[in-house]
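The values are calculated or read from the model by the stated rules, or taken from the named source; none is laboratory data. As the structure is a computational prediction, the values presented were derived from the model and not from experiment. Quick reminder, even Gly has a Cβ in these numbers, built from the backbone with ideal geometry, and neighbours come from all protein chains shown.
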Amino acid sequence: MKHQAKWNTVASSFLRRQSLVVASNNERQVLELVRRHNGASRAQLARWTSITNQSISRITADLIARGLCEFGEAMPAASKGPAALSVHLAPSAVYTIGVIVDDRCGFDRLDELRG
């Protein structure tokens, strides 16, 4: 029972506020693009997804607050104004586990979500 409480605490950190849903469709789309491109600015994410800048800012702020993403280095500015911060997957937020077992060998692998 002690371990069950620990897993519930870990799992709850990935849930959205007052919801049993881990990620909305827009959050999944943003996470996939950030993972695929190894980081992106919020402006890039808005262009690639056709989600408004305000929604991208809210989504990334929520993902950062939940520990799934983090801000990276400043990206070169495309025009006048401050440089945009890149959004990256948090390296220790999520792990994937793969196990293959057959009659001749066994193989396991643990990776960060970033790969």
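Annotations
- Residue satisfying condition, being touching a Gly at 6+ places or on another chain (Cβ under 7 Å), outside any helix (DSSP H, G or I), modelled with pLDDT under 90 and not charged (D, E, K, R), within set 78, 74, 23, 93: 93
- The residues in the stretch 28-77 that are over 11 Å from residue 88 (Cβ atoms) and among the acidic types (Asp, Glu) can be counted, and the count is 2.
- The test for being surrounded by fewer than 16 Cβ atoms within 10 Å (Cβ to Cβ), at pLDDT 85 or above and under 26 Å from residue 109 (Cα atoms) holds for residue 32.
- Residues that are surrounded by 13 or more Cβ atoms within 10 Å (Cβ to Cβ), in contact with a His (Cβ under 9 Å, 6 or more places away or on another chain) and not in a helix (DSSP H, G or I), drawn from the stretch 35-59: 39, 40
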